[in-house]
Amino acid sequence: MLKTIKVPSHITEEKLVSLYKEMWLIRYFDEKVDQFFAKGMIHGTTHLCVGQEPSAAGAIAALKDIDKITSTHRGHGHCISKGANVNGMMAELFGRVDGYCKGKGGSIHIADLEKGNLGANGIVGGGIPIAVGAALTSKMKKEGYVVLCFFGDGASNEGSFHESLNLASIWDLPVVFICENNQYGMSGSVKEMTRVENIADRAVSYGMPGKVVDGLDAIEIMNTVYDAVERARQGHGPTLIEAKTYRWKGHSKSDAKKYRTREEEEEWRKKDGIKRFRDLLIEEGIFTEEKAKQLQEEAKQEVEDAVKFAENSPQPSIESLLEDVYA
Amino acid sequence: MREITYLEAIREAMSQEMRQNEDIFILGEDIGVYGGAFGVTRGMIEEFGPERVRNTPISESAIAGAAVGAALTGMRPIIELQFSDFITIAMDQIVNQAAKLRYMNGGKGKVPLVLRTPSGSGTGAAAQHSQSLEAWLVHIPGLRVIQPSNAYDAKGLLKAAMDDDNPVIFYEHKLLYKTKGDVPEESYSIPIGKADVKRKGKDVTIVATAMMVHKALEAAEELAKEGIDVEVVDPRTLVPLDEETIIQSVKKTGRLIVAHEAVKRGGFGGEIVSVIAESEAFDYLDAPIKRLGGLPVPIPYNPHLEKATVPQVADIIEAVKETVHF
Ligand SMILES: Cc1ncc(C[n+]2csc(CCOP(=O)(O)OP(=O)(O)O)c2C)c(N)n1
Ligand SMILES: [Mg+2]
């Protein structure tokens with residue numbers, strides 16, 4: 001029995017423990033990608049979610065396996081939490097055949113359809129209408145799944161966001177919109193780019209509930225998403241949830257971060273959601289500090305193993321270039 | 001003469017015009033202190049301030065439409081669209097509004113805007129950030145389409161684009177941003193619709209655009225060692241197209257190869273070939289025309305695959321040899 005916290009009934013203590021490790025897996029994965037990127041071993045571009053782990057892991061923990069997600073360019077965390085294998089993810093970033101997209105997609109296009117991850121997206125706001133369509137399938141075919149649609153604060157200024165929320169609302173679709181408000185869309189601060197205090201306030205315009213949560217509090221996110229998802233599953237339509245969070249790293253590869261201060265970054269780093277979750281589990285007596293350390297080490301090792309896997313995976317053949325254009 | 005990069009040439013053209021003309025302003029994503037995704041506008045907000053270097057939300061449809069509305073009512077906006085792939089989102093305002101307003105209004109009003117945007121592959125940015133969609137825009141009456149291949153042309157053509165009273169799509173190539181060339185410090189204009197013969201030759205004409213101009217020139221150097229004398233023509237502006245320069249070149253060489261990075265099927269190369277087929281140069285052809293273009297696939301992430309998707313120097317050399325030895 002948990003003493004200080006309430007969680008959805010399907011969340012066991014084991015699940016909380018594995019969630020802790022999962023958050024470290026996300027962090028180590030992205031830290032590793034960052035290093036390889038700096039060394040030129042991964043090319044193209046990549047967007048890291050270090051600091052934002054609780055909103056990915058906490059939200060997805062509220063789902064059932066049949067539920068689906070749409071993700072974003074900053075999607076490694078969503079992907080891992082929805083059950084993807086880090087070997088296949090790292091291989092994709094290395095552009096190898098064993099990657100999730102056979103080396104053809106890279107960081108911003110990883111999808112894992114088997115696990116219900118309909119994909120990251122290179123187009124800001126591109127995934128939002130797709131989530132609506134996936135929810136439409138669920139409704140029309142009575143499949144019972146709910147779609148959790150991730151996007152950023154910046155994406156909420158695209159037309160696709162507004163059109164999608166309206167459509168999902170009038171059709172009472174089983175979709176939950178989750179805005180990870182990390183305070184910036186590239187260099188555009190949310191304060192300068194919107195005139196509402198909360199992105200969630202926009203829910204009013206579309207006749208759906210809007211909820212603001214602390215994006216560093218995995219438990220609060222889990223509970224809020226769970227309630228919204230079950231409401232959607234029962235046919236009561238969509239919810240807009242906004243998780244206030246922060247990306248620790250630059251937007252993508254070459255970002256001098258001139259649009260924010262180092263002090264602000266430091267303030268947010270102090271609020272590290274993973275450490276907070278660890279302290280909570282220790283306080284609850286769910287695990288000890290040693291156990292926590294061990295889980296963290298295991299996560300680190302999994303990422304190392306993923307690198308080995310990726311390095312050993314072959315380059316795709318030039319012939320494969322023409323494959324998979326059409327079904 | 002002073003050497004600067006393609007990127008600096010573009011910035012200089014904008015800055016010089018903005019100093020002269022208060023009606024010119026630039027709007028786009030991350031063009032403020034960030035300096036634009038590729039650094040083109042770096043330093044401009046410091047000089048011109050946030051009123052004239054307007055950092056926008058991520059709203060391509062509204063960016064394009066606001067530029068159309070501002071242009072229609074007396075301003076001369078420059079849009080920086082972060083990647084040319086995102087033109088899909090701006091497309092309604094560009095195609096259904098900007099391009100047609102004057103005509104639909106019976107010749108009343110004008111839409112003097114420039115949409116600058118980087119296109120092309122070669123950076124590992126994968127399928128949604130690497131396309132070359134210029135042929136889409138070429139198809140729309142009312143738009144001008146420019147594709148400079150070097151720093152000198154970029155500066156002069158951008159000046160001409162800003163002076164023009166029509167919507168102009170100005171394609172920049174990501175891989176050219178850091179390339180250097182001789183560029184005069186003073187402001188100058190290159191007429192829109194004037195091709196440039198980048199290399200004179202007598203055996204075969206290569207009409208190439210953007211990055212392919214450089215690959216064609218490289219191929220020409222190699223082929224010169226084998227005694228094949230290649231002429232490289234860069235149209236520079238696709239709309240209007242300088243048909244005459246291309247026709248004259250083909251009449252001289254009797255052989256034509258067209259090279260662009262965009263997918264070959266439905267690409268602009270087909271237009272150039274048709275111009276020749278319909279002209280008196282057709283009679284002068286000594287070999288079938290060859291088109292080189294991207295494979296009909298989305299641009300893949302893996303660097304080897306990405307390279308194999310678009311024509312390379314070796315492909316151009318091979319095509320020239322086949323044409324010359326036909
Ligand atoms: C349609 C479109 N416009 C612009 C971009 C370039 N871009 C990629 S990510 C990004 C910022 C997105 O901000 P946000 O939605 O807040 O997500 P975050 O990066 O903060 O996770 C921008 C401008 C893009 N990929 N697609
Ligand atoms: Mg953001």
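Being touching a strand residue (DSSP E or B) at 6+ places or on another chain (Cβ under 6 Å), within 14 Å of ligand 2 (Cβ to nearest atom) and of a type in the set (D, E, K, R), is that true of even one residue in the range A:157-176? Even if it seems obvious, please write down each step before you answer.
As a first pass, look at the range A:157-176 and keep what is touching a strand residue (DSSP E or B) at 6+ places or on another chain (Cβ under 6 Å): A:168, A:175-176.
Subset that is within 14 Å of ligand 2 (Cβ to nearest atom): none.
Taking every residue of the range A:157-176 in turn, none turns out to be touching a strand residue (DSSP E or B) at 6+ places or on another chain (Cβ under 6 Å), within 14 Å of ligand 2 (Cβ to nearest atom) and of a type in the set (D, E, K, R).
Can you list residue pairs whose Cβ atoms sit under 7 Å apart, with the first residue in the range A:164-175 being part of a helix (DSSP H, G or I) and the second being small (Gly, Ala, Ser) and surrounded by fewer than 24 Cβ atoms within 10 Å (Cβ to Cβ)? Count only pairs 6 or more apart in sequence or on different chains.
Close Cβ pairs (under 7 Å, with a partner that is small (Gly, Ala, Ser) and surrounded by fewer than 24 Cβ atoms within 10 Å (Cβ to Cβ)) amount to A:Ser169/A:Gly207; A:Ser169/A:Gly237.
Being closer than 26 Å to A:Thr261 by Cα and in contact (Cβ under 8 Å) with a residue 40 or more places away in the chain is the requirement here; does B:Gln16 meet it?
Taking the combined requirement at face value, the residue does not satisfy it.
For B:Asp286, are the conditions met, namely being surrounded by fewer than 16 Cβ atoms within 10 Å (Cβ to Cβ) and either within 13 Å of B:Thr205 (Cβ to Cβ) or touching an Asp or Glu at 6+ places or on another chain (Cβ under 6 Å) (or both)? Break it down into steps so the answer makes sense when it comes.
On the way: surrounded by fewer than 16 Cβ atoms within 10 Å (Cβ to Cβ): yes; either within 13 Å of B:Thr205 (Cβ to Cβ) or touching an Asp or Glu at 6+ places or on another chain (Cβ under 6 Å) (or both): yes.
Against the criterion (surrounded by fewer than 16 Cβ atoms within 10 Å (Cβ to Cβ) and either within 13 Å of B:Thr205 (Cβ to Cβ) or touching an Asp or Glu at 6+ places or on another chain (Cβ under 6 Å) (or both)), B:Asp286 qualifies.
Which of the residues that make up the range A:275-326 are within 14 Å of chain B (Cβ to nearest Cβ) and open to solvent by 90 Å² or more (accessible area, probe 1.4 Å)?
A:Glu319, A:Leu322, A:Glu323, A:Asp324, A:Tyr326
Can you confirm whether A:Arg27 is open to solvent by 10 Å² or more (accessible area, probe 1.4 Å) and either among the hydroxyl-bearing types (Ser, Thr, Tyr) or outside any loop (DSSP other than H, G, I, E, B) (or both)?
The answer is yes for A:Arg27.
Conditions tested, residue by residue: (1) touching a Gly at 6+ places or on another chain (Cβ under 8 Å); (2) crowded, with 20+ Cβ neighbours inside 10 Å; (3) within 22 Å of A:Ala57 (Cβ to Cβ).
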residue: A:Leu173; (1), (2), (3): yes, yes, no
residue: A:Arg202; (1), (2), (3): yes, yes, no
residue: A:Met222; (1), (2), (3): yes, yes, yes
residue: A:Val229; (1), (2), (3): no, yes, yes
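Among the listed residues A:Lys32, A:Lys102, identify the single one that is away from every other protein chain (no Cβ under 14 Å), over 16 Å from the mean Cα position of the chain (by Cα) and either within 16 Å of ligand 2 (Cβ to nearest atom) or under 20 Å from B:Asn302 (Cβ atoms) (or both).
A:Lys32
Could you grab me the full set of residues in the range A:138-163 that are within 14 Å of chain B (Cβ to nearest Cβ) and either open to solvent by 30 Å² or more (accessible area, probe 1.4 Å) or touching a Pro at 6+ places or on another chain (Cβ under 8 Å) (or both)?
A:Gly154, A:Asn157, A:Gly159, A:Ser160, A:His162, A:Glu163 - these are the residues of the range A:138-163 that are within 14 Å of chain B (Cβ to nearest Cβ) and either open to solvent by 30 Å² or more (accessible area, probe 1.4 Å) or touching a Pro at 6+ places or on another chain (Cβ under 8 Å) (or both).
Return the residues of the range B:126-141 that are surrounded by fewer than 24 Cβ atoms within 10 Å (Cβ to Cβ) and either modelled with pLDDT under 95 or assigned to a loop (DSSP other than H, G, I, E, B) (or both); say none if nothing qualifies.
Within the range B:126-141, B:Ala127, B:Gln128, B:Gln131, B:Leu133, B:His139, B:Ile140, B:Pro141 meet the criteria.
Quick one: A:Ser254 ticks every box in (1) open to solvent by 60 Å² or more (accessible area, probe 1.4 Å); (2) closer than 22 Å to A:Gly51 by Cα; (3) modelled with pLDDT of 95 or more except a single one, so which number is it?
Among (1) open to solvent by 60 Å² or more (accessible area, probe 1.4 Å); (2) closer than 22 Å to A:Gly51 by Cα; (3) modelled with pLDDT of 95 or more, A:Ser254 violates only (3).
Somewhere in the range B:79-101, is a residue among the small types (Gly, Ala, Ser), within 30 Å of A:Phe94 (Cβ to Cβ) and either more than 16 Å from ligand 2 (Cβ to nearest atom) or facing chain A (nearest Cβ under 10 Å) (or both)?
Yes; the residues of the range B:79-101 include at least one that is among the small types (Gly, Ala, Ser), within 30 Å of A:Phe94 (Cβ to Cβ) and either more than 16 Å from ligand 2 (Cβ to nearest atom) or facing chain A (nearest Cβ under 10 Å) (or both).
B:Gly254 - would you say it is within 28 Å of B:Phe170 (Cβ to Cβ) and in contact (Cβ under 8 Å) with a residue 12 or more places away in the chain?
no
Which condition from (1) open to solvent by 50 Å² or more (accessible area, probe 1.4 Å); (2) touching a residue at least 12 places away in the same chain (Cβ under 8 Å); (3) within 14 Å of chain A (Cβ to nearest Cβ) is the one that B:Glu280 breaks?
Checking B:Glu280 against (1) open to solvent by 50 Å² or more (accessible area, probe 1.4 Å); (2) touching a residue at least 12 places away in the same chain (Cβ under 8 Å); (3) within 14 Å of chain A (Cβ to nearest Cβ), the one that fails is (3).
Could you list, ordered by first residue, the pairs with Cβ atoms under 6 Å in which the first is in the range A:45-56 and away from every other protein chain (no Cβ under 14 Å) and the second is among the aromatic types (Phe, Trp, Tyr) and within 11 Å of ligand 1 (Cβ to nearest atom), at least 6 apart or interchain?
A:Gly51/A:Tyr246
Please tell me if A:Ile110 is within 14 Å of chain B (Cβ to nearest Cβ) and open to solvent by less than 30 Å² (accessible area, probe 1.4 Å).
Considered against the rule, which asks whether it is within 14 Å of chain B (Cβ to nearest Cβ) and open to solvent by less than 30 Å² (accessible area, probe 1.4 Å), A:Ile110 comes out as yes.
For B:Met44, work out the one condition from (1) open to solvent by less than 10 Å² (accessible area, probe 1.4 Å); (2) of a type outside the set (Gly, Ala, Ser); (3) away from every other protein chain (no Cβ under 14 Å); (4) more than 16 Å from ligand 1 (Cβ to nearest atom) it doesn't fulfil.
Looking at each condition in turn, B:Met44 falls short on (3).
Does at least one position in the range A:205-214 carry a residue that is in contact with a Ser or Thr (Cβ under 8 Å, 6 or more places away or on another chain), more than 13 Å from chain B (Cβ to nearest Cβ), under 18 Å from A:Gly154 (Cα atoms) and within 16 Å of ligand 1 (Cβ to nearest atom)?
Looking through the range A:205-214, none of the residues is in contact with a Ser or Thr (Cβ under 8 Å, 6 or more places away or on another chain), more than 13 Å from chain B (Cβ to nearest Cβ), under 18 Å from A:Gly154 (Cα atoms) and within 16 Å of ligand 1 (Cβ to nearest atom).
Does A:Tyr184 meet the test of being open to solvent by less than 60 Å² (accessible area, probe 1.4 Å), within 16 Å of ligand 1 (Cβ to nearest atom) and within 14 Å of chain B (Cβ to nearest Cβ)? Let's see the steps before the verdict.
Numbers: open to solvent by less than 60 Å² (accessible area, probe 1.4 Å): yes; within 16 Å of ligand 1 (Cβ to nearest atom): yes; within 14 Å of chain B (Cβ to nearest Cβ): yes.
Yes.
Give the residues of the range A:116-137 that are more than 14 Å from every other protein chain (Cβ to nearest Cβ), more than 14 Å from the chain's Cα centre (by Cα) and not aliphatic (A, V, I, L, M), sorted by residue number.
A:Gly133, A:Thr137
Going residue by residue through the range B:256-265, is there one that turns out to be part of a loop (DSSP other than H, G, I, E, B) and outside the structural domain of B:Leu292 (by TED's automatic domain parsing)?
no
Go through the range B:87-103 and give me each residue that's within 16 Å of ligand 1 (Cβ to nearest atom) and open to solvent by less than 20 Å² (accessible area, probe 1.4 Å).
B:Ile87, B:Ala90, B:Ile94
Please go through the range A:35-71 and pick out each residue that is of a type in the set (A, V, I, L, M, F, W, C), surrounded by fewer than 24 Cβ atoms within 10 Å (Cβ to Cβ) and within 16 Å of ligand 2 (Cβ to nearest atom).
Listed by number, the list holds a single entry, A:Val50.
Output the number of residues of the range B:47-60 satisfying the condition of being surrounded by 18 or more Cβ atoms within 10 Å (Cβ to Cβ) and within 11 Å of another protein chain (Cβ to nearest Cβ).
Number of matching residues: 6.
The values are calculated or read from the model by the stated rules, or taken from the named source; none is laboratory data. Quick caveat: nothing in here was measured; it's all calculated off a predicted structure. No Cβ is skipped: glycine too gets one built from the backbone with ideal geometry, and neighbour counts run over all protein chains shown. What goes into the accessible areas is simple: the full protein's heavy atoms, side chains included, and nothing from ligands, DNA or RNA. Shrake-Rupley method; radii C 1.70, N 1.55, O 1.52, S 1.80 Å.
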